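First up is the structure itself, then whatever we jot down about it.
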Amino acid sequence: MTSSPAPEPVLVCADLRKLYGQRAAVDGVGFRIGPSETYGLLGPNGAGKTTTISMICGLLARDGGSVTVDGQPVDVGTARAKDAIGYVPQELAIYPELSATENLRFFGQLYGMGGAALKQRIGEVLEIIGLEDRAGERTDGFSGGMKRRLNIGIGLLHRPKLLVLDEPTVGVDPQSRNAILSSVEELGRQGMAILYTTHYMEEAERLCDRVGIIDEGRIRAEGTRRELVSMIGERDRVEVAASGNLQAAADAARGVAGVADATIHDGGLSLISADARHAAPAILAAIADAGATINTIEIVEPDLEAVFLHLTGRALRD
């Protein structure tokens, strides 16, 4: 049986370059995003994230490289490809004197939408962003989080193939942040390609299928969370609460493929493993066979923050 071919990427950008005088703000950036994929572009302030996004969306002329979205080339002067992009900037782009529905209707008309189709789409978007019950209220009375959600809704109106979210949760309360993240997760499940930048590492951990770490205008590393972590040799820690013959259990666990070390501590064992989730069944079996009783097991995986610090020398929010 032959496997089906991989779907064509929604976004392809290659060798993007932008110069300001003699300084290269973006220097050879390239990556791809497929359908249903959320790609996180992470970097410290001044790394080139917003400049890269602006070139991808056709808002800023580039000095080199290429961008295609849904198979169409994107540049400052193009229009057709831009129809496939939903851009949600850091700055709020809503009219405070209008209601949520009126804002959506206004921007929908700018997209060339109208009539019953626009009315139906506004209802769908309000449901996606969780503002159905506040649809008729003026937005100057909205919380910061509600305004952010409406900002995202505007970017969704025309059913883009690529949604670009530039730090969409800045300055919002935890409840609104969770609502935004849940909406982004659902959009990904529905097939949308998403380019996401954030200053919150936990958001990237939760949302992103792949991450590109950008610094000084260049992509320093790219991959899944596991691939990035493996670059710096970080390994998982496994904490097993157990009783019985712990010495025999530790000896047995060290014999499991992928386990680098096993030590005894009060109430159990602490293990180091290259891929603990894959090795966990064999670890548990070895400990049990050695005569120990297992109460609980916890796997602590290294995170993207460690990778980011390693590659840039700074924390994400510095």
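The values are calculated or read from the model by the stated rules, or taken from the named source; none is laboratory data. Treat the numbers as computed from the prediction; the structure is a model and nothing was measured. Counting neighbours? That spans all protein chains shown, and the Cβs are built from the backbone with ideal geometry, glycine included.
Some observations on this one:
- Arg32 falls short on exactly one of the conditions (1) assigned to a strand (DSSP E or B); (2) at positive phi, and that condition is (2).
- Residue pairs meeting the criteria (Cβ under 7 Å; at least 6 apart or on separate chains; first in contact (Cβ under 8 Å) with a residue 24 or more places away in the chain and within 14 Å of His158 (Cα to Cα), in the stretch 68-94; second small (Gly, Ala, Ser) and part of a loop (DSSP other than H, G, I, E, B)): Lys82/Gly58
- All positions within the stretch 242-256 that are touching a residue at least 24 places away in the same chain (Cβ under 8 Å) and assigned to a helix (DSSP H, G or I): Leu246, Ala248, Ala249, Asp251, Ala252, Ala253
- So Ala274, is it aliphatic (A, V, I, L, M), in contact with a Lys or Arg (Cβ under 7 Å, 6 or more places away or on another chain) and closer than 30 Å to Gly30 by Cα: yes
- Meets criteria (surrounded by fewer than 20 Cβ atoms within 10 Å (Cβ to Cβ), of a type in the set (Val, Ile, Thr), in contact (Cβ under 8 Å) with a residue 24 or more places away in the chain and under 29 Å from Gln72 (Cα atoms)) for Ile128: yes
- Test: residue in the stretch 222-232 that is more than 30 Å from Gly46 (Cα to Cα) and either among the polar types (S, T, N, Q) or surrounded by fewer than 12 Cβ atoms within 10 Å (Cβ to Cβ) (or both): no
- Of all residues in the stretch 34-50 being among the polar types (S, T, N, Q) and surrounded by fewer than 23 Cβ atoms within 10 Å (Cβ to Cβ), the one that is modelled with the highest pLDDT: Ser36
- When Arg177, Arg225 are checked against the criterion of being at pLDDT below 95 and out of contact with any Cys (no Cβ under 8 Å at 6 or more places or on another chain), a single residue qualifies: Arg177.
- Considered as a group, the residues in the stretch 79-130 that are part of a loop (DSSP other than H, G, I, E, B) and of a type in the set (Gly, Ala, Ser) include one that is farthest from Glu186 (Cα to Cα), and that residue is Ala79.
- Every condition in (1) part of a strand (DSSP E or B); (2) surrounded by 22 or more Cβ atoms within 10 Å (Cβ to Cβ) holds for Gly65 except the one numbered (2).
- Ala276 being outside the structural domain of Pro44 (by TED's automatic domain parsing), farther than 14 Å from Arg237 by Cα, among the hydrophobic types (A, V, I, L, M, F, W, C) and crowded, with 18+ Cβ neighbours inside 10 Å: no
- Residue among Gly155, Gly191, Gly217 that alone is on the phi > 0 side of the Ramachandran plot, in contact (Cβ under 8 Å) with a residue 24 or more places away in the chain, touching a strand residue (DSSP E or B) at 6+ places or on another chain (Cβ under 6 Å) and small (Gly, Ala, Ser): Gly217
Here is a yes/no grid of residues against (1) surrounded by 12 or more Cβ atoms within 10 Å (Cβ to Cβ); (2) more than 21 Å from Leu41 (Cβ to Cβ); (3) among the acidic types (Asp, Glu); (4) touching a strand residue (DSSP E or B) at 6+ places or on another chain (Cβ under 6 Å):
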{"position": "Asp261", "(1), (2), (3), (4)": "yes, yes, yes, yes"}
{"position": "Leu269", "(1), (2), (3), (4)": "yes, yes, no, yes"}
{"position": "Pro281", "(1), (2), (3), (4)": "no, yes, no, no"}
{"position": "Ala286", "(1), (2), (3), (4)": "yes, yes, no, no"}
{"position": "Val300", "(1), (2), (3), (4)": "no, yes, no, yes"}
{"position": "Leu304", "(1), (2), (3), (4)": "yes, no, no, no"}
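- The set of residues from the stretch 168-188 being assigned to a loop (DSSP other than H, G, I, E, B) and either crowded, with 20+ Cβ neighbours inside 10 Å or without any contact (Cβ under 8 Å) to a residue 12 or more places away in the chain (or both) comprises Pro168, Thr169.
- Within the set Leu150, Leu118, the sole residue that is within 23 Å of Ser176 (Cβ to Cβ) and aliphatic (A, V, I, L, M) turns out to be Leu150.
- Residue check, Gly191 part of a loop (DSSP other than H, G, I, E, B) and at pLDDT 90 or above: yes
- Among the residues of the stretch 131-166, those identified as surrounded by fewer than 20 Cβ atoms within 10 Å (Cβ to Cβ) and of a type in the set (Asp, Glu) are Glu132, Asp133, Glu137, Asp140.
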